[in-house]
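Peer 1: Okay, handing you the structure first.
The values are calculated or read from the model by the stated rules, or taken from the named source; none is laboratory data. This one's a predicted model, so the numbers in the text were calculated from it and none came from an experiment. Here the Cβ positions follow ideal geometry from the backbone for every residue, glycine too, while neighbour counts run over all protein chains shown.
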Amino acid sequence: MSNGGQQIKLNDADKFMIRKAVLELAKTGIPRFTSIDDDVRNIHKVNSKAINLWDYVTAIGAQLSRPPYDPYRETISLDISIGRKRSRKVTLNIPLLIYGNMAIDSSSLESVHLALNRLAEKGNVLGLISEIEINTTTDNKRKYPLFKKVPFYINDTLEDYKKFCPDGLVLEYKDETSMNMLQNFRKEFDGPILVDVSKVFPFYIKTILEEGADGIIVDTDKVTKNERYNGRHAIAVIYDARKAINDYYKGREEEEEDDDDNTILVIAGDVNSSGKIVKATALGANVVGYSTSMLIAHSNMYSEKPSDISSIADNVYRHMVATKGEIKGIPAALGYSDFHNLSPSDLRTSSIDASLQGEIPLEGIDRTYKEMIEEVVNECVNEKGIKLNASETQEVLRCLGSE
């Protein structure tokens with residue numbers, strides 16, 4: 001492997017890690033998916049729980065060439081616009097959509113509504129995805145963006161949803177009927193349309209984008225229960241979703257003069273904390289779907305009157321203000337004035353598995369495990385004079401656990 005014409009050589013630490021992984025592969029027949037941290041924490045013996053790879057991913061600090069910002073004195077932007085060229089734009093000041101509210105009662109949803117209104121009044125606009133009608137009065141008229149959820153099994157017309165005056169729609173994709181609904185709604189609705197592909201991920205994304213979807217929603221909790229992603233982490237889902245959208249736009253960059261036609265990626269599921277929101281964004285999420293039930297649960301933990309609408313609204317408000325401060329602090333510490341400038345290069349992991357699933361650089365090495373394996377294979381192939389085509393090389397890498 002070369003960099004600007006210069007050959008990159010592995011140091012002793014790199015070679016030790018590769019040799020250890022290859023030796024384990026030869027001994028067991030499966031690649032090494034654990035790190036030294038696993039041995040120290042003895043994590044495999046604790047209640048037989050699966051490893052939470054989020055705990056093995058950290059953000060690195062700003063370098064001298066990119067000094068940190070002070071989020072209290074300098075502007076750290078969290079803004080994100082939803083909507084492609086053919087759609088009316090919806091802008092969020094906090095890149096969160098409160099998501100998945102079927103399991104909560106109407107009073108809890110009303111608490112969320114009141115909290116979102118208060119947040120919007122203070123310039124902290126985030127959105128709500130809801131299938132349930134929210135009772136509002138003249139005094140508490142909605143001041144935040146509402147995305148009305150349209151289940152695939154409902155035969156209602158667009159007019160039935162327009163009466164809610166939604167800023168956007170969320171379609172749940174299941175089959176060709178869902179695609180027909182998207183086509184019809186796209187012709188008549190000028191707001192952004194998001195499509196939840198959790199039940200069919202990672203298929204049909206290209207077709208859905210070609211039909212004018214403004215965003216893709218992927219619920220990692222649902223996807224990791226599918227056979228295709230069995231045993232894989234939310235990190236892999238986010239990585240694959242981001243790659244699918246990027247592949248759609250590959251080669252179209254010259255056609256686009258700006259970012260107005262870009263599709264956003266909404267990641268929901270296992271991202272209900274500030275740390276996970278930051279990591280998910282660095283891996284490619286534009287917006288995070290924050291669970292309504294989790295939000296209410298957090299609020300009830302600190303409420304002496306869990307059934308009191310006003311009390312829960314106060315706690316939801318404080319929770320979201322605190323979350324905003326926390327997710328602003330991380331990019332500021334990394335030297336970014338824009339939250340969405342975060343990328344996988346700002347992350348490091350001590351887990352080989354996390355590096356493989358999200359192509360995250362390893363701690364102390366600053367390269368992904370895949371890159372290291374590829375370098376060893378290329379070095380070996382060149383030394384032995386072995387002729388391999390691209391597909392054969394990829395097969396070797398898969399056998400070594402880098403794919």
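Peer 1: Being of a type outside the set (S, T, Y) and at pLDDT below 90 is the requirement here; does E256 meet it? Talk me through it step by step, then tell me what you get.
Peer 2: Values: of a type outside the set (S, T, Y): yes; at pLDDT below 90: yes.
Answer is yes for this residue.
Residues are listed down the side, and each one gets a yes or a no for (1) touching a Gly at 6+ places or on another chain (Cβ under 9 Å); (2) more than 22 Å from K163 (Cα to Cα); (3) not small (G, A, S):
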residue	(1), (2), (3)
D79	no, yes, yes
I98	yes, no, yes
I104	no, yes, yes
H113	no, no, yes
L128	no, no, yes
T136	no, no, yes
P151	no, no, yes
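Peer 1: Of the residues that make up region 65-83, is at least one in contact with a helix residue (DSSP H, G or I) (Cβ under 8 Å, 6 or more places away or on another chain), modelled with pLDDT of 90 or more and over 15 Å from P331 (Cβ atoms)?
Peer 2: Checked region 65-83: no residue is in contact with a helix residue (DSSP H, G or I) (Cβ under 8 Å, 6 or more places away or on another chain), modelled with pLDDT of 90 or more and over 15 Å from P331 (Cβ atoms).
Peer 1: Does D366 satisfy being modelled with pLDDT of 80 or more and either small (G, A, S) or in the same structural domain as R242 (by TED's automatic domain parsing) (or both)?
Peer 2: no
Peer 1: Test S299 against the criterion of being at pLDDT below 85 and either crowded, with 23+ Cβ neighbours inside 10 Å or of a type in the set (V, I, T) (or both), and give yes or no. It would help to see each step written out before you state the result.
Peer 2: On the way: at pLDDT below 85: yes; either crowded, with 23+ Cβ neighbours inside 10 Å or of a type in the set (V, I, T) (or both): yes.
Against the criterion (at pLDDT below 85 and either crowded, with 23+ Cβ neighbours inside 10 Å or of a type in the set (V, I, T) (or both)), S299 qualifies.
Peer 1: Then there is this: Just give me the residues in region 117-147 being surrounded by fewer than 22 Cβ atoms within 10 Å (Cβ to Cβ), assigned to a strand (DSSP E or B) and either in contact (Cβ under 8 Å) with a residue 40 or more places away in the chain or outside the structural domain of L295 (by TED's automatic domain parsing) (or both), in sequence order.
Peer 2: If the condition is that a residue be surrounded by fewer than 22 Cβ atoms within 10 Å (Cβ to Cβ), assigned to a strand (DSSP E or B) and either in contact (Cβ under 8 Å) with a residue 40 or more places away in the chain or outside the structural domain of L295 (by TED's automatic domain parsing) (or both), then no residue fits.
Peer 1: Does at least one position in region 343-352 carry a residue that is in contact with a strand residue (DSSP E or B) (Cβ under 9 Å, 6 or more places away or on another chain), part of a helix (DSSP H, G or I) and not basic (K, R)?
Peer 2: Filtering region 343-352 for residues in contact with a strand residue (DSSP E or B) (Cβ under 9 Å, 6 or more places away or on another chain) gives 346-352.
Remaining after also requiring part of a helix (DSSP H, G or I): 346, 352.
Those left that are additionally not basic (K, R): 346, 352.
Scanning region 343-352 turns up at least one residue that is in contact with a strand residue (DSSP E or B) (Cβ under 9 Å, 6 or more places away or on another chain), part of a helix (DSSP H, G or I) and not basic (K, R).
Peer 1: In the set K250, K243, K206, K199, which member is within 12 Å of the chain's Cα centre (by Cα) and surrounded by fewer than 17 Cβ atoms within 10 Å (Cβ to Cβ)?
Peer 2: K243
Peer 1: Moving on. Specify the residue that is modelled with the lowest pLDDT; the eligible residues are those in region 224-252 that are farther than 19 Å from V287 by Cα and among the small types (G, A, S).
Peer 2: Taking the candidates together, the pick is G251.
Peer 1: If you don't mind, there's one more thing I want to ask. Being polar (S, T, N, Q) and not in a loop (DSSP other than H, G, I, E, B) is the filter; apply it to region 71-87 and report the residue that is nearest to the chain's Cα centre (by Cα).
Peer 2: Looking only at region 71-87, we keep the residues that are polar (S, T, N, Q), and these are 75, 77, 81, 87.
With not in a loop (DSSP other than H, G, I, E, B) added as a condition, the list becomes 77, 81.
Values: S77: 18, S81: 16 Å.
Restricting to residues being polar (S, T, N, Q) and not in a loop (DSSP other than H, G, I, E, B), the top hit is S81.
Peer 1: Next up: Taking the condition of being modelled with pLDDT of 85 or more and either surrounded by fewer than 19 Cβ atoms within 10 Å (Cβ to Cβ) or not assigned by TED's automatic domain parsing to the domain that holds V218 (or both), how many residues in region 84-107 meet it?
Peer 2: Counting residues in region 84-107 that are modelled with pLDDT of 85 or more and either surrounded by fewer than 19 Cβ atoms within 10 Å (Cβ to Cβ) or not assigned by TED's automatic domain parsing to the domain that holds V218 (or both) gives 4.
Peer 1: Out of E371, E379, E375, I need the residue that is more than 21 Å from the chain's Cα centre (by Cα), assigned to a helix (DSSP H, G or I) and closer than 27 Å to A333 by Cβ. Which one? Reasoning before the result, please.
Peer 2: Working: E379 fails: closer than 27 Å to A333 by Cβ; E375 fails: closer than 27 Å to A333 by Cβ.
Going through E371, E379, E375 in turn, the sole match is E371.
Peer 1: Kindly indicate the residue of region 163-191 that is of a type in the set (D, E) and touching a residue at least 12 places away in the same chain (Cβ under 8 Å) and also nearest to V266 (Cα to Cα) among those meeting that condition.
Peer 2: My answer is E172.
Peer 1: Any residue that is within 25 Å of L209 (Cβ to Cβ) and in a strand (DSSP E or B) - is there at least one of those in region 98-116?
Peer 2: Yes: one or more hits.
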